[in-house]
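A quick write-up on the structure given underneath.
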Amino acid sequence: MSFLVEQLERTLQEVERLEKENARLAADKESLAAKVAELESGVPHDNLVDAGRFFLKNLGGGGLDEVPYCGVCKSPMKPHYCSDDPIEFRCAGEACNFALPYRDLVNAFQKYGVKGPAADGS
Ligand SMILES: [Zn+2]
């Protein structure tokens, strides 16, 4: 009977060890996924400024880039037009459907003192 108790204790220790290793691997996986997203976007995330639902790139010296970056995957976003008017920016990321109304971008530019997108035309 004591053999079974010892066996059970060893098994429980092994389970505990595996649970810890699993938690460590899950944390590693998460940080690696973030790193991959950062490298794929070609932009160090440290330079991105949180503008609410999206990001703006810090150009240094207090300037911000006019290109919005996706609030989900941090890829650069591209303008989409209706006639000649930009209506929204969409994420350029393959598997990402994030879209940003043009109005939101203009509001953020005003808030952060960015001159405005070239697409403005005025
Ligand atoms: Zn995205």
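The values are calculated or read from the model by the stated rules, or taken from the named source; none is laboratory data. In this text, all values refer to a predicted model and were calculated from it rather than measured experimentally. Note: ideal-geometry Cβ built from the backbone for every residue, glycine included; neighbour counts use all protein chains shown.
General observations
- Region 95-106, residues that are more than 9 Å from the ligand (Cβ to nearest atom) and either under 13 Å from the mean Cα position of the chain (by Cα) or not aliphatic (A, V, I, L, M) (or both): PRO101, TYR102, ARG103, ASP104
- Some residue of region 57-65 being touching a strand residue (DSSP E or B) at 6+ places or on another chain (Cβ under 8 Å) and either surrounded by fewer than 14 Cβ atoms within 10 Å (Cβ to Cβ) or at pLDDT 90 or above (or both): yes
- Close pairs (8 angstrom Cβ cut-off, 6 or more residues apart or separate chains): in contact (Cβ under 8 Å) with a residue 40 or more places away in the chain in region 83-109, aliphatic (A, V, I, L, M) and away from the ligand (no atom under 15 Å from the Cβ) anywhere: ALA108/VAL114
- Within region 74-91, the set of residues being of a type outside the set (Ser, Thr, Tyr) and over 19 Å from GLY52 (Cα atoms) comprises HIS80, CYS82, ASP84, ASP85, PRO86.
- Strands (runs of 3 or more DSSP E) (entirely within region 4-81) containing at least 2 residues that are in contact (Cβ under 8 Å) with a residue 24 or more places away in the chain: 48-50, 63-69
- Scope region 44-95; condition of a type in the set (A, V, I, L, M) and within 18 Å of VAL106 (Cβ to Cβ); matching residues: VAL49, ALA51, LEU56, LEU64, VAL67, MET77, ILE87
- Enumeration of residues in region 101-119 that are in a loop (DSSP other than H, G, I, E, B) and either modelled with pLDDT of 55 or more or surrounded by fewer than 10 Cβ atoms within 10 Å (Cβ to Cβ) (or both): GLY113, VAL114, LYS115, GLY116
- Options SER122, SER83, SER75; residue that is modelled with pLDDT under 90, of a type in the set (S, T, N, Q) and either within 16 Å of the ligand (Cβ to nearest atom) or within 24 Å of ALA37 (Cα to Cα) (or both): SER75
- Per this entry, LEU48 is counted among residues that are at pLDDT 85 or above and crowded, with 17+ Cβ neighbours inside 10 Å.
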